[in-house]
Amino acid sequence: CLSGIATVTKEGGGNDVQWCFSQVKGAIDDDVAEADIISTVEFNHSGELLATGDKGGRVVIFQQETENKSQPQCRSEYNVYSTFQSHEPEFDYLKSLEIEEKINKIRWLPQKNAAQFLLSTNDKTIKLWKISERDKRPEGYNLKEEDGRYRDAATITTLRVPVFRPMDLMVEASPRRVFANGHTYHINSISVNSDNETYLSADDLRINLWHLEITDRSFNVVDIKPANMEELTEVITAAEFHPHQCNTFVYSSSKGTIRLCDMRASALCDKHSKLFEEPEDPSNRSFFSEIISSISDVKFSHNGRYMMTRDYLSVKIWDLNMENRPVETYQVHEYLRSKLCSLYENDCIFDKFECCWNGNDSVVMTGSYNNFFRMLDRSQRRDVTLEASRESCKPRQVLKPRRVCAGGKRKKDEISVDSLDFNKKILHTAWHPQENIIAVATTNNLYIFQEKVN
Amino acid sequence: MEYKVEAHRIMSISLGKIYNSRVQRGGIKLHKNLLVSLVLRSARQVYLSDYYSGACLNAQSEREGNEWDITDSEREKFPPSATECDRVESTEEPQPNEQPEKEREYRENDDEVKSDQVDCTSTLQEQNQNSSLDSVAKVSSETPPESITEPKESPSDSAVAERDSTPEANGESHQPPKPYVCSNRKRSAEESESGDSPQKRTKVASSNAKEDEEAEEMDTSNVSNLITIFGSSFSGLLSKESAKPEAEAEDSGQICCDQMLKNLNPWSTAIVAF
């Protein structure tokens with residue numbers, strides 16, 4: 001079995017992908033409006049659509065323009081396709097609690113017909129949205145004027161058949177289902193099943209299984225709430241369905257463990273089928289060990305053989321057939337290990353970074369601070385740190401690898417750990433399912449980078 | 001000792017986070033509060049053990065291979081820095097997994113060998129009855145039961161029809177967390193073994209013992225009461241702390257704050273709110 005630790009050996013050259021700037025979306029203002037903070041990013045299954053959710057409860061969908069074959073240099077761009085308010089702030093009067101409208105996750109459904117469907121969720125309520133196009137409208141009604149006013153019946157002397165006439169494309173988003181009151185605690189994940197009929201939603205202590213058509217009922221499949229809340233030692237941090245096996249899902253915990261559950265085994269999956277846990281390295285033990293081992297994201301590989309977990313300092317790749325340790329471990333920003341105390345004080349240690357796979361599962365990506373993000377190449381055992389910055393925004397400008405100096409003498413072009421801006425964090429990233437196009441969200445901007453084409 | 005200050009600082013920061021989380025938009029985040037309470041517990045262990053080691057040094061403990069002693073001498077080698085809080089813990093290993101190991105170690109050296117935690121608690125309570133009680137510790141136990149129900153039941157499941165057991169029942173059946181009890185046991189054992197500075201140490205040990213009993217009742221206390229007590233105690237502590245970095249139990253304000261710290265069950269503050 002492999003147990004590799006990937007380190008930077010060399011960068012650039014050879015067959016490495018070079019990333020270049022494509023687009024940036026969002027306000028240039030340094031003053032960030034809280035509602036504009038991006039909270040989730042997700043490509044749909046074809047990669048044609050890219051959805052973002054923000055703290056203000058809005059969803060913005062970008063559509064990739066069909067590529068111009070005659071000009072291959074002109075990369076296809078993503079332009080705004082639809083914008084809608086998904087969730088509004090709510091107030092739970094019973095508990096005197098405000099429910100944030102922030103969109104925690106968006107998940108696309110596989111496309112079945114002309115319309116697109118996505119699930120979006122805030123802390124308490126999941127909604128199924130239908131996004132459909134309208135490019136023609138009926139004209140020539142007998143009883144109504146074009147503006148909708150009713151005609152005086154006495155003036156009607158002839159009859160005609162209404163016809164469809166082309167109109168400017170209009171994209172409509174309408175809520176088709178609202179899945180409410182299923183969760184007492186804050187929803188952190190949703191995941192659509194490969195059966196395309198069900199999906200799961202997970203909060204801190206429970207995971208529910210829903211049918212996409214049924215909103216007034218859900219099945220509880222995992223419940224880790226102890227009888228006495230004072231005995232609580234861990235919470236659920238993320239959950240995902242297996243990409244092919246509709247009976248299998250995993251959930252990660254704040255203790256750094258991942259449990260794989262098989263819904264065929266029993267109705268309530270409190271007993272896991274597999275438990276993935278790596279013994280803690282005693283030499284790394286510190287005051288904040290428990291916090292940094294909490295898993296913030298778990299993602300299956302596209303082929304369904306591996307899963308990736310993200311904790312505060314590292315990314316781990318697990319083989320589903322091996323429970324006792326990951327097959328690969330990548331350090332994202334090990335230089336932060338000595339700063340955990342300060343990061344605890346400024347709350348950065350609680351940041352939940354996400355991670356994602358590329359289309360063929362050979363490279364994984366995750367974010368860091370100072371608007372840095374990391375590309376970890378599994379096949380070539382190389383990793384690179386790139387930056388999403390307004391300063392590298394010239395069209396097709398190639399991104400230069402960045403280096404952080406952990407200590408000692410700082411070389412030219414390196415940035416020292418103390419100069420890192422911890423307010424500039426990249427928590428959400430997404431990779432196009434087929435092409436080398438990535439979407440990287442800084443606080444309130446969305447960067448799109450593409451592979452350099454020679 | 002700087003380590004004590006650092007642990008104390010971490011504790012106050014942690015409490016501040018728990019307090020602020022109550023007023024944050026979107027309600028209390030269970031995950032974050034759980035993590036903060038873990039840090040709070042670890043810091044408290046260090047603080048208490050640190051405190052104990054300070055007294056232990058005076059007592060000239062003849063324990064060899066004693067984990068606390070080793071860490072104490074190791075600590076003195078480390079220069080004070082912001083990373084201290086990390087390193088202190090690495091030598092002390094405050095993980096709950098380590099507790100059984102520590103407890104075994106204590107038992108080996110302890111004359112009063114007890115087989116389980118329940119016995120441990122009762123030993124302290126026995127001692128407790130014979131020693132003077134601190135008025136501050138007593139105040140905290142007098143919170144009216146009516147105020148307990150509200151914060152405990154606020155997160156009642158709307159979707160599930162279950163009924164949480166009454167807070168009082170929870171409080172009484174709940175045993176204090178293992179590490180806390182262990183350190184108290186050690187203190188009491190130490191007290192019985194050596195007779196140095198009996199007055200000062202007896203007072204501290206007894207108030208600790210008292211708090212052990214109090215801990216059960218503290219579990220059910222109103223969270224805001226605790227935070228209020230802490231708030232005033234801490235501001236008092238911080239001003240005194242800077243004046244007397246090596247403050248010993250002479251300082252009544254110090255005792256008050258120390259007792260509050262020992263009194264605190266980190267779980268209750270974070271979890272009771274749910």
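The values are calculated or read from the model by the stated rules, or taken from the named source; none is laboratory data. Computed from a prediction, not measured in an experiment: that's the story for all the values here. Don't worry about glycine lacking a Cβ; one is built from the backbone with ideal geometry, like all the others, and counts go over all protein chains shown.
Those residues that are within 26 Å of A:Tyr199 (Cβ to Cβ) and either modelled with pLDDT under 95 or more than 11 Å from every other protein chain (Cβ to nearest Cβ) (or both), I need them from region A:221-233; list them, please.
The answer is A:Val221, A:Val222, A:Ile224.
Tell me whether region A:162-177 contains one or more residues that are more than 14 Å from chain B (Cβ to nearest Cβ) and farther than 29 Å from A:Val80 by Cβ.
yes
Can you confirm whether region A:341-351 contains a residue that is buried (at least 18 other Cβ atoms within 10 Å of the Cβ), closer than 27 Å to A:Ile437 by Cα and in contact (Cβ under 8 Å) with a residue 12 or more places away in the chain?
Checked against the condition, which is being buried (at least 18 other Cβ atoms within 10 Å of the Cβ), closer than 27 Å to A:Ile437 by Cα and in contact (Cβ under 8 Å) with a residue 12 or more places away in the chain, region A:341-351 yields no hits at all.
Could you check, for region A:139-148, whether at least one of its residues is touching a residue at least 24 places away in the same chain (Cβ under 8 Å) and either surrounded by 10 or more Cβ atoms within 10 Å (Cβ to Cβ) or of a type in the set (Gly, Ala, Ser) (or both)?
Among the residues of region A:139-148, at least one is touching a residue at least 24 places away in the same chain (Cβ under 8 Å) and either surrounded by 10 or more Cβ atoms within 10 Å (Cβ to Cβ) or of a type in the set (Gly, Ala, Ser) (or both), which makes the answer yes.
Quick check, is A:Ser96 free of Cβ contacts under 8 Å to residues at least 24 places away in the same chain and either crowded, with 20+ Cβ neighbours inside 10 Å or among the small types (Gly, Ala, Ser) (or both)?
The answer is yes for A:Ser96.
Which one is farthest from the other protein chains (Cβ to nearest Cβ) among residues in region B:31-44 that are among the aliphatic types (A, V, I, L, M) and within 20 Å of A:His186 (Cβ to Cβ)?
Checking each candidate, the answer is B:Val36.
For the list (1) within 14 Å of another protein chain (Cβ to nearest Cβ); (2) in a loop (DSSP other than H, G, I, E, B), I need the number of the one condition that A:Ser218 fails.
(2)
For region A:6-57, give me each residue that is under 29 Å from A:Arg382 (Cα atoms), in a loop (DSSP other than H, G, I, E, B) and at pLDDT below 95.
Answer for region A:6-57, where residues must be under 29 Å from A:Arg382 (Cα atoms), in a loop (DSSP other than H, G, I, E, B) and at pLDDT below 95: A:Thr7, A:Val8, A:Thr9, A:Lys10, A:Glu11, A:Gly12, A:Gly13, A:Gly14, A:Asn15, A:Asp16, A:Val17, A:Gln18.
Suppose the filter is in contact (Cβ under 8 Å) with a residue 12 or more places away in the chain, more than 14 Å from chain B (Cβ to nearest Cβ), surrounded by 16 or more Cβ atoms within 10 Å (Cβ to Cβ) and in a loop (DSSP other than H, G, I, E, B); does A:Cys269 pass it?
Yes: the conditions hold for A:Cys269.
Which ones in region A:184-235 are basic (Lys, Arg) and within 21 Å of the chain's Cα centre (by Cα)?
The one that is basic (Lys, Arg) and within 21 Å of the chain's Cα centre (by Cα): A:Arg206.
How many residues does region A:111-155 contain that are among the charged types (D, E, K, R), under 29 Å from A:Glu101 (Cβ atoms) and assigned to a strand (DSSP E or B)?
Number of matching residues: 4.
Among the residues of region A:249-264, is any farther than 29 Å from B:Ser42 by Cα, buried (at least 22 other Cβ atoms within 10 Å of the Cβ) and within 21 Å of the chain's Cα centre (by Cα)?
yes
With A:Gln73, A:Gln85 as the choices, which residue is more than 20 Å from A:Ala388 (Cα to Cα) and at pLDDT 95 or above?
So the residue among A:Gln73, A:Gln85 that is more than 20 Å from A:Ala388 (Cα to Cα) and at pLDDT 95 or above is A:Gln85.
Among the hydroxyl-bearing types (Ser, Thr, Tyr) and free of Cβ contacts under 8 Å to residues at least 24 places away in the same chain: is that true of A:Thr121 in this structure?
Answer is no for this residue.
Condition first: within 27 Å of A:Arg378 (Cβ to Cβ) and modelled with pLDDT of 85 or more. Can you find one or more residues in region A:58-68 that meet it?
yes
Those residues that are more than 16 Å from A:Gln245 (Cα to Cα) and either surrounded by 14 or more Cβ atoms within 10 Å (Cβ to Cβ) or modelled with pLDDT of 90 or more (or both), I need them from region A:273-282; list them, please.
A:Leu275, A:Phe276, A:Glu277, A:Glu278, A:Pro279, A:Glu280
Looking at A:Ser294, A:Ser286, which one is assigned to a loop (DSSP other than H, G, I, E, B), within 11 Å of chain B (Cβ to nearest Cβ) and in contact with a Cys (Cβ under 9 Å, 6 or more places away or on another chain)?
Sole residue among the options that is assigned to a loop (DSSP other than H, G, I, E, B), within 11 Å of chain B (Cβ to nearest Cβ) and in contact with a Cys (Cβ under 9 Å, 6 or more places away or on another chain): A:Ser286.
Please work out if A:Tyr185 is outside any strand (DSSP E or B), closer than 30 Å to A:Ala227 by Cβ and of a type outside the set (Gly, Ala, Ser).
yes
Would you be able to say whether some residue in region A:325-348 is in contact with a His (Cβ under 6 Å, 6 or more places away or on another chain) and away from chain B (no Cβ under 11 Å)?
No: zero hits.
Can you pull out every residue in region A:218-245 that is in contact (Cβ under 8 Å) with a residue 12 or more places away in the chain and not hydrophobic (A, V, I, L, M, F, W, C)?
Within region A:218-245, A:Ser218, A:Asn220, A:Asp223, A:Lys225, A:Thr233, A:Glu234, A:Thr237, A:Glu240, A:His242, A:Pro243, A:His244, A:Gln245 qualify.
Taking region B:20-30 as the search range and keeping residues that are facing chain A (nearest Cβ under 7 Å) and surrounded by fewer than 24 Cβ atoms within 10 Å (Cβ to Cβ), which one is farthest from A:Glu234 (Cα to Cα)?
Checking each candidate, the answer is B:Arg25.
List the strands (runs of 3 or more DSSP E) inside region A:316-398, counting only whole elements, that have at least 1 residues being in contact with a Gly (Cβ under 6 Å, 6 or more places away or on another chain).
Those strands (runs of 3 or more DSSP E) span A:328-331, A:372-377.
Counting just the residues of region A:102-116 that are within 14 Å of chain B (Cβ to nearest Cβ) and farther than 14 Å from A:Trp129 by Cβ, which one comes out surrounded by the most Cβ atoms within 10 Å (Cβ to Cβ)?
Ranking the qualifying residues of region A:102-116, first place goes to A:Lys102.
Take A:Asn208 and decide whether it is free of Cβ contacts under 8 Å to residues at least 60 places away in the same chain, out of contact with any Leu (no Cβ under 8 Å at 6 or more places or on another chain) and either surrounded by 19 or more Cβ atoms within 10 Å (Cβ to Cβ) or assigned to a loop (DSSP other than H, G, I, E, B) (or both).
Judged against the criteria, A:Asn208 is not a match.
Pick out the one residue from A:Ser301, A:Ser254 that is of a type in the set (Ser, Thr, Tyr) and more than 10 Å from chain B (Cβ to nearest Cβ).
The conditions single out A:Ser301.
Can you tell me how many residues in region A:77-101 are within 11 Å of chain B (Cβ to nearest Cβ) and closer than 30 Å to A:Leu169 by Cβ?
Residues in region A:77-101 being within 11 Å of chain B (Cβ to nearest Cβ) and closer than 30 Å to A:Leu169 by Cβ: 1 in total.
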